[in-house]
Amino acid sequence: MKSRRTSLWHRLGSINLTIVLCIVLTMDLIWGYFCLERKTPIFTPLNDMGLWAWSKTYGLYNLQHTGWFFLLLVLLTAFSLNTFVCTTNRVQQLFASRRGGGQWLGKLAPHVMHYALIVILLGYLCSYLFTDVLTGRTLVPGSSLSLPDTGGTVSLLAYEPDYYHGKRLAFFDDAVITARFRLQLDDGNSQREAVLSCTRPVRFQGYSLHLKNFAPKKKGGMNRKTRVDLSIRKDPGVGIYLVGMGLFSLGLLLYFFDWVMIREKHSS
Amino acid sequence: MKKTLVIGLVACCLLALLTAGCRQENTPKTASGDEAERPAFLQIGEFAVHRISPTRTEVRDGAGRTLVLVPRDAPMPTDCPPNQVVRVPVQRIVAYGFFDIAVLRALGVLEDSLVGVTTPKNRWYIPEIVRGMQTGKISYVGDAAAIDYERLKQVEPELVLTWDPSIIPLLDDLKIPAAVTTTPTAMCLNARMRFVQFLAPFFHKEKEADAFFARIDSALSEIRARTAAATYEPKVMWGDIYEKRVMVEPGNAWVGELVGLAQSAYQFKDVFGTSCIEITVERFLYSGKDADIFFTYRSPDMGATSKAALARMNPLIKDIKPLRHGKVYAPLPHYSQSADKLDDILLEISAILHPEAYPNYRLRYFTELPDADPQPQEEKSL
C-alpha cells in the first residue's frame, strides 16, 4: 500500500507530466483564445455570477464554447498538483543536504516561487467560487446605496473628470481621460470621502467598489446624464493571492540573495 | 507509465472536444406542462433568462442586473431586493425605446400593457400608441433626458424598460422595477432576433416569442437562399457624420452581420463596440472611398432628402463614392418603430443589396435618395 502511494507521489511529481501538461495547456489556451474572442458575452457573467452558478448556466448550455474552460480547470488542478509534489520533493532534498551557513536558502528561491504560484491560483479559485458581487449598482449625484449586512451607505457627491485638450489627437479632444467620482462613505457612526476612478477601487466595510462604467465620456455633443455604474465585491480570494504575491516576492528576494552570494564567492 | 499518462491526457482532450462539439439540446428542462420542452436557461447576447422553477424566473438585463420574475399571487421572495422583483404577467409598463415597444407589439401585449412612453404623440407611427395617447390610456411621461417623475408615478408602472441606467436610482426610490434593454456592445443579429424571448417571460408570452423568432429565422433562410448565387458583393457603410461626431454601426452589430450574410461586404466590419459607435472622420471617409451603398441614420424629415442635401449638410462626405456614383438609402420615419416587422426589414435590406435577386421589390422602410432635391413646382412653372 505504502509503495503504491510512494509510486503515485513520484508519478505526480514527474517532469514528463509537467511537459505534457504544458503542451496540453498551450493547446487548450489556443482553443480558448478563439472561443473568448468570438463569444465574449458567454464569459463576461463569470466575473459576477461566480464559477458554480456560471457553470450551471452559461457554462453547461454553451459547452461547445466553454469546454476549453472546464478542461483548463482540470489541467490547472493537475498542474498545481504536479508543481506541489515536484517542489516538495526538491525542498525535501534541499533540506536533507543542507550544510552550515545560509547559502542553501538561496536555492529555495524557485521553490518558494512555485509554491507562491499555487497559492495565487488558489486565491483566484477562491475568488471565483466565493465572491459576493452586487452588479448593476448605479449612482447619480445625490443618490446613495446601502451595502447589504452592514450599516454602510455610499453616496455620490460629484463627478470630477479630466478632459483631453492636447493637439495631437484631435479625435480625443474633450474626451474624458480620467474619470474621478467623489464618494461619501457613511458607516453609521462616521463619514469620510473617497475618490473612485478606473484604476482606484474604494474599500469600505469589507467590500471593494469598482468603477464599471460611467457617463458622460465627452464634453459637449449628446449630453448624457452623469452616472457611475459600480461593481461591488466582497472577495475572500484577495487575501489569498496577496499572500501568494508576497511569497513570490520573497522568492525573488531569495534569488537576489543567491545571486549576491554567488558573486561574492566568485570575486573571492 | 509515460505512455499511459500521455494517452490518458490526449483522451481527456479528445473527450472534451467531442462533448464540446455536441450542442446541449438535452440539457435540463423545466418540469411543468407546456414548459417541459423549453430550455431552463436561454442566453440572448448579453441578456439571459433562467427558469429556476415554475414560480421563479431570473433574468439578466443589459446592465447585468438580475431581476426575479414571480407570479402576481406568489409571496415576495426574501433573497433579493424588492426593487428587483417583477410580478408577472406585467400589466402596466413604461417603455423608452422604439425597439422595446415594437417587441411588445410583436408579443401582442402593447395595447393591454403599455401605459407610458417618452416620445410625444406627434412622433408615433404605431396606431395602437396614437390611439392610446388620444384616449389617455398611454401617457407621455416626458422626454427620456428629462422624465417627469410625478407623471411617471401617476401612471403606476409595474416595470420600466429603459436604455438609461441613470434612471435606476430614482426608480428604486419610487419602488418601480426597471430593466435595462441596451447593452454596452451592440446587439448581434441573433440577439436582435431573440430579444423577444427576453421580454416574453415578463408577460407569459413565450409561445408568441418563439413564433416571432421562427418567422425571422425563416426570413434569414430566404435571404441566404436568394443571395447565395450573387456574383457581386456590394460594399456597404451604415452611419452618418454629424456636426462634431461620426457615428456608425460596428461590425458586431446586427446590420454588419446581416450585410455579411447577404453576400455583401460591410466596410466597418473591423469596428467593434456599442451600437451607433463614434469613429474618426478619416476612417469614415476612407471606407467611403470604395463603398457602393450608404445607409444614413437620417430620415428624410431630418434633412436626408437627396445626395445633394446630405453633401450640403456635411461637405466632408460629398466625395465619398456612394454620393457620387453609388446609392444612398435613408430610413423612412416609421422604420425605427417597425422592429415587429424585423423579417420584412431584413428582406428589404437584402433586396437593396441585391436588387437582382428581388425583382419588382417595392421599398417600404427605406428610400433611395435622388441625386438632387426635386425643384419646387413654382420654380418649374417659371
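Please treat every number below as a calculation from the coordinates, not as lab data. Since this is a predicted model, take the numbers as computed values, not measurements. Virtual Cβ from ideal backbone geometry, glycine too; neighbours counted across all protein chains shown.
In which sequence would A:ASP48, A:ASP162, B:ASP148 go, from the one with the fewest C-beta neighbours within 10 Å to the one with the most?
Working: A:ASP48 22, A:ASP162 11, B:ASP148 15.
So the ranking, lowest neighbour count to highest, is A:ASP162, B:ASP148, A:ASP48.
Using the Kyte-Doolittle scale, find the helices of chain A whose mean hydropathy is at least -1.0 and whose Cα atoms extend 24 Å or more along the helix's long axis, counting only whole DSSP H runs.
Working: long enough: A:15-38 (35 Å, 1.50); A:63-96 (49 Å, 0.95); A:109-130 (31 Å, 1.55); A:237-267 (45 Å, 1.00).
Span-like helices here: A:15-38, A:63-96, A:109-130, A:237-267.
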Report summary line: Taking Cα pairs closer than 8 Å and at least 6 residues apart, the relative contact order of the range B:207-368 in percent is 24
Query raised in the report: So, in nm, how far is label B:GLU368 from label A:TRP9 when the simple model puts each one 7 Å beyond its Cα toward the Cβ?
Result: 8.2
Query - Percent RCO, i.e. relative contact order, over chain A, from Cα pairs under 8 Å lying at least 6 residues apart - result: 20
Requested in this report: At 7 Å along the Cα-to-beta-carbon direction for both B:ARG215 and B:GLU150, put a label point, then send me their distance in nm to one decimal.
Outcome: 4.1
Report summary line: The farthest towards the positive end of the charge dipole of chain A, of the residues A:GLY239, A:SER208, A:HIS114, given +1 on Cβ of Lys and Arg and -1 on Cβ of Asp and Glu, is A:HIS114
Report task. Report the calculated FRET efficiency for A:SER197 and A:ARG38 (r = Cβ-Cβ distance, R0 = 30 Å), to the nearest 0.05. Result -> 0.40
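What's the ranking of B:78-85, B:135-142 by average number of surrounding C-beta atoms within 10 Å, highest first? Numbers along the way, then the final one.
Numbers: B:78-85: 12.6, B:135-142: 15.9.
Final packing ranking: B:135-142, B:78-85.
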Report summary line: At R0 = 25 Å the Cβ-Cβ FRET efficiency linking B:ALA225 and B:LYS269, nearest 0.05, sits at 0.60
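What average count of beta carbons from other chains do you get within 10 Å of the Cβ of residues in A:126-139?
Numbers: counts 0, 0, 0, 0, 0, 0, 0, 1, 2, 6, 12, 6, 11, 3.
That average works out to 3.
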**Report entry** Size of charge dipole - the range A:1-97 - debye, nearest 20, with Cβ of Lys, Arg +1 and Asp, Glu -1, no other charges
**Finding:** 480
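Just for the range B:207-368, what percent of DSSP beta bridges are antiparallel, to the closest 5?
DSSP beta bridges in the range B:207-368 are roughly 50 percent antiparallel.
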Report task. Return the sequence-ordered ³J(HN,Hα) values of the range A:159-172 in whole Hz as given by the Karplus equation 6.51 cos²θ - 1.76 cosθ + 1.60 applied to θ = phi - 60°, using x for Gly and Pro. Result -> 9, 10, x, 9, 9, 7, 10, x, 9, 6, 10, 4, 4, 8
Report summary line: the range A:5-25 scanned against label point 7 Å out from A:LEU81 along Cα→C-beta; backbone N under 12 Å for A:8-14
Query raised in the report: Sorted by average packing, counted as other Cβ atoms within 10 angstrom per residue and highest first, what order do B:100-107, B:285-292, B:343-350 take?
Result: B:100-107, B:343-350, B:285-292
Query raised in the report: Per the helix-only calculation at 222 nm, which mean residue ellipticity applies to chain B, given -39500 (n - 2.57) for every DSSP H run of n ≥ 4 and division by its residues, nearest 500 deg cm²/dmol?
Result: -10000 deg cm²/dmol
**Report entry** FRET efficiency, A:TYR255 to B:LYS289 (Cβ-Cβ, R0 60 Å, nearest 0.05)
**Finding:** 0.60
Report task. Give the span of the range A:1-97's Cα atoms along each principal axis, as three whole-Å numbers ordered largest to smallest. Result -> 53, 24, 24
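Report for the protein assembly as shown the percent antiparallel among DSSP-assigned beta bridges with both residues inside it, nearest 5.
Values: 58 of 82 bridges.
Of those bridges, close to 70 percent are antiparallel.
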**Report entry** Given charges at Cβ of Lys, Arg, Asp, Glu: the protein assembly as shown dipole, positive-most of A:LEU36, A:LEU8, B:TYR125
**Finding:** A:LEU8
Query raised in the report: By how many nm would the segment from B:LEU316 to B:ARG245 grow when fully extended, if each residue of separation counts as 0.36 nm and the alpha-carbon distance is taken off?
Result: 24.3 nm
Query - Percentage relative contact order, chain B, counting C-alpha pairs under 8 Å, at least six apart - result: 13
**Report entry** Exceeding the 32 Å Cα-Cα cut-off - candidates A:LYS234/B:LYS207; A:LYS39/B:LYS321; A:LYS225/B:LYS321; A:LYS56/B:LYS137; A:LYS39/B:LYS341; A:LYS56/A:LYS234
**Finding:** A:LYS234/B:LYS207; A:LYS39/B:LYS321; A:LYS225/B:LYS321; A:LYS56/B:LYS137
Query raised in the report: How are the Cα pair distances of chain B distributed, in percent, across 10 Å bins from 0?
Result: 5, 20, 27, 24, 15, 7, 2, 1, 0, 0
Report task. For the range B:316-372, list log₁₀ I(q)/I(0) at each q in 0.25 Å⁻¹, using the Debye formula over Cα point scatterers of equal strength and ignoring solvent, two decimals each. Result -> -1.06
Query raised in the report: Dividing the convex hull volume of the alpha carbon atoms of the range B:179-332 by its residue count, what do you get in Å³ per residue?
Result: 126
Report task. Name the residues whose placed amide hydrogens come within less than 5 Å of the amide hydrogen of B:VAL85, ignoring near sequence neighbours (fewer than 5 apart) on the same chain. Result -> B:VAL68
**Report entry** Placed amide H near B:VAL246: partners under 5 Å, 5+ positions off or other chain
**Finding:** B:ILE279
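Return A:CYS22, B:CYS188 ranked ascending by Cβ neighbour count within 10 Å, so the fewest neighbours appear first.
By the 10 Å Cβ count, ascending: A:CYS22, B:CYS188.
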Query raised in the report: At B:MET76 and B:GLN91, where each label point lies 7 Å from the Cα along Cα→Cβ, what is the point-to-point distance in nanometres?
Result: 1.8
